[in-house]
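The values are calculated or read from the model by the stated rules, or taken from the named source; none is laboratory data. As the structure is a prediction and not an experimental result, all values here were calculated from the model. Don't worry about glycine lacking a Cβ; one is built from the backbone with ideal geometry, like all the others, and counts go over all protein chains shown.
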Amino acid sequence: MHKERIMGIFHQENKLQARNKPDIKKDRRQRRKQLARRLADGFILIAGSKEAIRSNDNTYPFHQLPNFFFLTGIDFAGCWLLIEPKSGAETLFIPRIDNYHRVWLGHIPGPEEIRKYQGISRVLYVDDLVAELRRVSKNYKHSFCDLDAWKTARPYCLGVSNDSEELEDALWELRAVKKSGELECLKIAGALSSKAHLECMKKTRPGLYEYQIQAVFDGYCLAAGLKHLGYPTIVGSGRNSAVLHYRDNSAQLKNGDLLLIDAGGEYLGYSADITRTYPINGKFSPKQRDIYEIALKAQVECINRARPGVTSADLHVHASKVIAEGLSELKILKGSIDDLVHEEAVRVFFPHGIGHLLGLDVHDGQGGKRRALPNPYKLKIRYVAKLEPGFVITVEPGIYFIEALLNDSENRERHKDRINFDRAESFLSVGGVRIEDDVVIQRQGMPLNLTNVPKSIDDVEAVRHRPRLIGKSLISL
């Protein structure tokens, strides 16, 4: 690719971000007021992230704590937010920067800039935090401080009780439904991450190493202006594709194996979470095709069913049934579909949930206790709630042939009449198949899919044979 074309692509990505950069200052102000109303009988103190030491005087790249960023938009270390529900006062505390810091690390916004750009009228230096805590503790007998904040506040707030769990629950509740500015951030993260995934598909070849494909994804995101990834990129080939959170990324890609990439870039704190699985040599083998088609059917049907009022448990059970039906047709499972699902034989091959909320955290909480419903199924499901408009969720069914689970003595005894273990072991070379998209629940109709990476077998195989046509089908930026 010529240098001019490379620069042109990234110029287009940067134009996208500059043109559409969401202004969510008003949203943050509204969130702080909502939080104050929810926790009206105590003051609220939330600590921002600190610089984390990697070794000696070297730090990890800074990343703000999601709850703090959700309420403030502040993206530098050493800050605190104090909210006083009775008076409505909001105070942001920022570090006092000296010339030594300016010489080595550059500019950090001062009080005037913070007031102008973040919409918080009262900005003090951290030097004033202790005096403010002593003052506010005279007006309240209760507080809602996160755990780190309470460690600092407790000595100066004698006679004040604290409830960090209620604070966390209130924030999870507020963060569940995404506002328009947040959705724009997630759309941009999804569009750019989709393009990075497509680049990985195009460049995958036998003989390369997993870390070289990781470099394609990570490098594309960085060059497109995404400073952070939502999580460490997973690139698993062959049997590594069956390791759910594989992180080694060091194996050589072999002809005939599958490659699974689970990766997402982050835009203004909001993360994409996309997974694709495809053949390293560009052509699915018969066994790979059989497993892939089952996983794809489960994913497409669950996306179609993701509507308001449907529960997360409903989607998980439906995906489990589709997988059970498919594996039964392949003579891997045997028995009634309901029995295979509810007695968890299918869980040997689908050992995780159908998806999760997505936002400032890649696993974006669970929506709060008020939304939690009893689990109507016998299956182990961590959290059950009805989908609501504005939820952004992942839909990510997977089928894995994991030697540890197939050889597990309890599984073999419990499911000896449900699983054909010899037949299942013949699929170990397939590894794992996971297909994951990010979708927004709409008030009516189908969810809005934020992911645009080829996933039908014909389209995946065409990436290698007709890459220019596939590239034209992507989201227009």
Checklist entry - (1) surrounded by fewer than 17 Cβ atoms within 10 Å (Cβ to Cβ); (2) among the hydrophobic types (A, V, I, L, M, F, W, C); (3) in contact with a helix residue (DSSP H, G or I) (Cβ under 6 Å, 6 or more places away or on another chain): which one isn't true of LEU222, the others all being true? => result (3)
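In the set ASN20, ASN67, ASN58, ASN14, which member is within 30 Å of GLY190 (Cβ to Cβ) and either touching a strand residue (DSSP E or B) at 6+ places or on another chain (Cβ under 9 Å) or at pLDDT 85 or above (or both)? Give the steps one after another, and end with the answer.
Numbers: ASN20 fails: either touching a strand residue (DSSP E or B) at 6+ places or on another chain (Cβ under 9 Å) or at pLDDT 85 or above (or both); ASN58 fails: within 30 Å of GLY190 (Cβ to Cβ); ASN14 fails: either touching a strand residue (DSSP E or B) at 6+ places or on another chain (Cβ under 9 Å) or at pLDDT 85 or above (or both).
After ruling out the rest, the residue left standing is ASN67.
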Item to check | LYS116, sole failed condition from (1) closer than 12 Å to LEU45 by Cα; (2) free of Cβ contacts under 8 Å to residues at least 60 places away in the same chain | outcome: (1)
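Within region 184-204, how many residues turn out to be in contact (Cβ under 8 Å) with a residue 40 or more places away in the chain and surrounded by fewer than 18 Cβ atoms within 10 Å (Cβ to Cβ)?
Here is the first cut: in region 184-204, the residues in contact (Cβ under 8 Å) with a residue 40 or more places away in the chain are 184-198, 200-202, 204.
Pick out the ones that are also surrounded by fewer than 18 Cβ atoms within 10 Å (Cβ to Cβ) and you get 202.
Qualifying residue count, region 184-204: 1.
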Item to check | Every residue from region 299-327 that is among the basic types (Lys, Arg), within 24 Å of the chain's Cα centre (by Cα) and either buried (at least 18 other Cβ atoms within 10 Å of the Cβ) or assigned to a helix (DSSP H, G or I) (or both) | outcome: ARG305
Next on the checklist: Restricting to region 179-195, count the residues that are more than 16 Å from the chain's Cα centre (by Cα) and of a type in the set (Gly, Ala, Ser).
Outcome noted: 2
Next on the checklist: So, in region 51-86, exactly how many residues are loosely packed, with under 11 Cβ neighbours inside 10 Å and among the polar types (S, T, N, Q)?
Outcome noted: 3
Item to check | In region 409-425, residue nearest to GLU343 (Cα to Cα) [restricted to those that are out of contact with any Lys or Arg (no Cβ under 9 Å at 6 or more places or on another chain) and assigned to a loop (DSSP other than H, G, I, E, B)] | outcome: HIS415
Next on the checklist: Name the residue that is modelled with the highest pLDDT, counting only residues in region 27-55 that are under 18 Å from TYR231 (Cα atoms) and of a type in the set (Gly, Ala, Ser).
Outcome noted: SER49
Checklist entry - Which members of region 208-236 meet the condition of being in contact (Cβ under 8 Å) with a residue 60 or more places away in the chain and over 18 Å from the mean Cα position of the chain (by Cα)? => result ALA223, ALA224, GLY225, GLY236
Item to check | Residues being touching a strand residue (DSSP E or B) at 6+ places or on another chain (Cβ under 7 Å), in a helix (DSSP H, G or I) and under 26 Å from GLU166 (Cα atoms) - total across region 101-149 | outcome: 6
